[in-house]
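A quick write-up on the structure given underneath.
The values are calculated or read from the model by the stated rules, or taken from the named source; none is laboratory data. All of these numbers come straight from a predicted model, not from anything done at the bench. Please note: Cβ atoms are built from the backbone with ideal geometry, for glycine as well, and neighbour counts cover all protein chains shown.
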Ligand SMILES: [Zn+2]
C-alpha cells in the first residue's frame, strides 16, 4: 500500500542492464534515481517460481531498506478462461507467482486474466470468477497472503474491460484492480481525450470498490498505439502523436488526492517514470 504517490519501472531498466547490475543492486539504483516502486517481471515463468526463496527474500529486504515498494507481474502464460488443461496450468502458474511474491513481500500479483476465445464475455466472466475463487482458496491453504491484481487489458480479444476487472474485485476477497491506462485507451480506441474521461474511471472505481481502493490504486502507464483490435505497441512519453496524456492523469490524481503506485511500461522504463513523477510533483506544488 502506498503512503504517497510512488513511481517505478516495469522490470529492470536498460541502463541498469548495461552496467550489469545484479538483482540486489536494483533497489539502490532506483533510489538513486529518486524512484520508489518496482514491478518484478515474472512474465516468462512456468508452474514453479524461477527465483530461489533466499534470493527473493534478500531482494525483498534490499527493496525495503531502499524504500522501494514491490509488486510482481505474473506469467503471460495465464489464461483463466481457456480449456480445462490450460486452466489447470494457469492456476499453478498464478500460485507460483503468488508464492514468490510472498517471499519478496511484493503485491499485488499483477496478472492478465485471459482470452475470451469462443466464449461470450458473460460466460468468460463466470469461469474466471470461479477459477479465481479456487486460486484464492488454495492460496489460503498454502498460507500465501498476498493480493492478486487483475489488469485492464488492451486488446478486445482479451478479458479485462474496466467493468470486468471491477466486477471481479466486487466478487472476491484479497484482490485489487490494476488499472493500465494505456490498455483502457487502446481497448476503447482513444478513450482518454479530456480530464473528465479520466475522472469517470476514478469515480467508477470509488463508487463500486470504495475510496480506500481508489486512494491506493495500482496503475500502469505508457503511451500506446492502437488499431481496430486494440493495443499495438508502447511509446515513450515524449511522442506527441500518441495518448493517453499523463498531464491529465496527474491532474485528477491531485484533485482526488490519491496515493497511487504508477508503474512505467514505456520503452524507456525508468526515464519516463522519473518524468511522470516530476509532472505530478509540479502539479502538487501549484
Ligand atoms: Zn500486464
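At a glance:
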{"quantity": "Within the stretch 169-190, tally of residues that are closer than 15 Å to residue 112 by Cβ and more than 15 Å from the ligand (Cβ to nearest atom)", "calculated": "1"}
{"quantity": "Residue match in the stretch 44-56 (condition: within 16 Å of the ligand (Cβ to nearest atom) and under 30 Å from residue 118 (Cβ atoms))", "calculated": "yes"}
{"quantity": "Candidates 96, 106, 100 - the one that is more than 18 Å from residue 168 (Cβ to Cβ), within 16 Å of the ligand (Cβ to nearest atom) and modelled with pLDDT of 95 or more", "calculated": "106"}
{"quantity": "Residues (out of contact with any strand residue (DSSP E or B) (no Cβ under 8 Å at 6 or more places or on another chain), more than 24 Å from residue 179 (Cβ to Cβ) and either in contact (Cβ under 8 Å) with a residue 12 or more places away in the chain or part of a helix (DSSP H, G or I) (or both)) located in the stretch 1-32", "calculated": "14, 15, 16, 17, 18, 23, 24, 25, 28, 29, 31, 32"}
{"quantity": "Hits in the stretch 207-229 - residues which are within 16 Å of the ligand (Cβ to nearest atom) and out of contact with any helix residue (DSSP H, G or I) (no Cβ under 8 Å at 6 or more places or on another chain)", "calculated": "218"}
{"quantity": "Condition check for residue 38: at pLDDT 95 or above, outside any loop (DSSP other than H, G, I, E, B) and in contact with a strand residue (DSSP E or B) (Cβ under 6 Å, 6 or more places away or on another chain)", "calculated": "yes"}
{"quantity": "Residue within the stretch 239-248 that is touching a helix residue (DSSP H, G or I) at 6+ places or on another chain (Cβ under 6 Å) and modelled with pLDDT under 90 present", "calculated": "yes"}
{"quantity": "Residue list for the stretch 115-134, restricted to those being under 17 Å from residue 176 (Cα atoms) and touching a strand residue (DSSP E or B) at 6+ places or on another chain (Cβ under 8 Å)", "calculated": "125, 128, 132"}
{"quantity": "Checking residue 89 against (1) over 22 Å from residue 219 (Cα atoms); (2) part of a strand (DSSP E or B), the condition it does not meet", "calculated": "(2)"}
{"quantity": "Any strands (runs of 3 or more DSSP E) falling wholly within the stretch 118-228 and containing at least 2 residues that are without any contact (Cβ under 8 Å) to a residue 40 or more places away in the chain", "calculated": "223-227"}
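Matching residues to (1) closer than 26 Å to residue 264 by Cβ; (2) surrounded by fewer than 17 Cβ atoms within 10 Å (Cβ to Cβ):
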site: 68; (1), (2): yes, no
site: 72; (1), (2): yes, no
site: 86; (1), (2): no, no
site: 95; (1), (2): no, no
site: 104; (1), (2): yes, no
site: 112; (1), (2): yes, no
site: 121; (1), (2): no, yes
site: 124; (1), (2): no, no
site: 140; (1), (2): no, yes
